[in-house]
Structure formats: structure tokens, C-alpha cells
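Take a look at the structure set out below.
The values are calculated or read from the model by the stated rules, or taken from the named source; none is laboratory data. Keep in mind that what you see is a predicted model, and the values were worked out from it rather than measured. Here the Cβ positions follow ideal geometry from the backbone for every residue, glycine too, while neighbour counts run over all protein chains shown.
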Amino acid sequence: MKAVIPRQQLLARKSRPITGERAWTVTEIEAQLTELPGWRLRDGAIERSYAFRDYYDTIAFVNALAWMVHGEDHHPELRVSYNRCTVRFATHSVGGISGNDFVCAARCDAVFGRGN
């Protein structure tokens, strides 16, 4: 079983190429999610919704998120509406959830301003 990685360590890490690794188990994912309040496992991905005042703030978040994930080379699925953005991460190369998903989830919270 993988050890839970504290939030500050997730923020200090970078996403990396994954070869020959397995997807995390549901038990490992649920344990790691204790370090990421607001995130949940749903339909094979980890996801969180962020609420905003208006469309401008939502799009500003999406743009900041796009900049961050480009640097991580690990891209989420986004659902964007007037005052909400739902972010979903999964790693195609492992067919499930990897450590990269948790690194990027922690960084999303930091971009949002609640998780540094």
C-alpha cells in the first residue's frame, strides 16, 4: 500500500512521466484524499468543483489552471459554467489514478487560493 503524501509534499513535487506503474487502489486513493479536502473519487477520476462570483472569475481560474497544468504536462477534464468549474484528473497511461493526479489536485487548490 502506498503511503499518504502530505499536502505540502504534493505541492513540492512535479508531475513526471509514468512508465511501468500501476494505478492506485481505491483504498490508497481514499486515504490520499484525506489530504485534499473537497476532492472525491467519482467514475474513475478524482474531482472537485470550485465556485466563483461570476463568469469572469471562473474564466480567470480556468486560464490560471491551464498555465499550471501545461507546466505539469498533466491535463484535466474541465466542466465550466457561469460561476463554477469542475476539475477531474485521471492518468490514461495507468488506466486510473496516479500520483500525478494528486500533485495536480493540490496545485489546483493552490491556484484557487485555498491549499498553499
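In the set (1) under 24 Å from Arg79 (Cα atoms); (2) out of contact with any Ser or Thr (no Cβ under 9 Å at 6 or more places or on another chain), the condition left unmet by Gly20 is number (1).
Take Val4 and decide whether it is in a loop (DSSP other than H, G, I, E, B), surrounded by 13 or more Cβ atoms within 10 Å (Cβ to Cβ) and without any contact (Cβ under 8 Å) to a residue 60 or more places away in the chain.
Details: in a loop (DSSP other than H, G, I, E, B): yes; surrounded by 13 or more Cβ atoms within 10 Å (Cβ to Cβ): yes; without any contact (Cβ under 8 Å) to a residue 60 or more places away in the chain: yes.
Considered against the rule, which asks whether it is in a loop (DSSP other than H, G, I, E, B), surrounded by 13 or more Cβ atoms within 10 Å (Cβ to Cβ) and without any contact (Cβ under 8 Å) to a residue 60 or more places away in the chain, Val4 comes out as yes.
Screening the candidates Asn100, Asn63 for the property of being part of a helix (DSSP H, G or I), buried (at least 21 other Cβ atoms within 10 Å of the Cβ) and among the polar types (S, T, N, Q) yields one hit, Asn100.
Here is a check on your reading of the model: is Arg16 surrounded by fewer than 16 Cβ atoms within 10 Å (Cβ to Cβ), modelled with pLDDT under 95 and assigned to a loop (DSSP other than H, G, I, E, B)?
Working: surrounded by fewer than 16 Cβ atoms within 10 Å (Cβ to Cβ): yes; modelled with pLDDT under 95: yes; assigned to a loop (DSSP other than H, G, I, E, B): yes.
Considered against the rule, which asks whether it is surrounded by fewer than 16 Cβ atoms within 10 Å (Cβ to Cβ), modelled with pLDDT under 95 and assigned to a loop (DSSP other than H, G, I, E, B), Arg16 comes out as yes.
Of the numbered criteria (1) surrounded by fewer than 16 Cβ atoms within 10 Å (Cβ to Cβ); (2) modelled with pLDDT of 95 or more; (3) among the basic types (Lys, Arg), the one Arg22 fails is (2).
Quick one: which residue in Thr91, Thr86 is surrounded by 15 or more Cβ atoms within 10 Å (Cβ to Cβ), under 22 Å from Val111 (Cα atoms) and in contact with a strand residue (DSSP E or B) (Cβ under 6 Å, 6 or more places away or on another chain)? Before the answer, list the steps.
Details: Thr91 fails: in contact with a strand residue (DSSP E or B) (Cβ under 6 Å, 6 or more places away or on another chain).
On inspection, the qualifying residue turns out to be Thr86.
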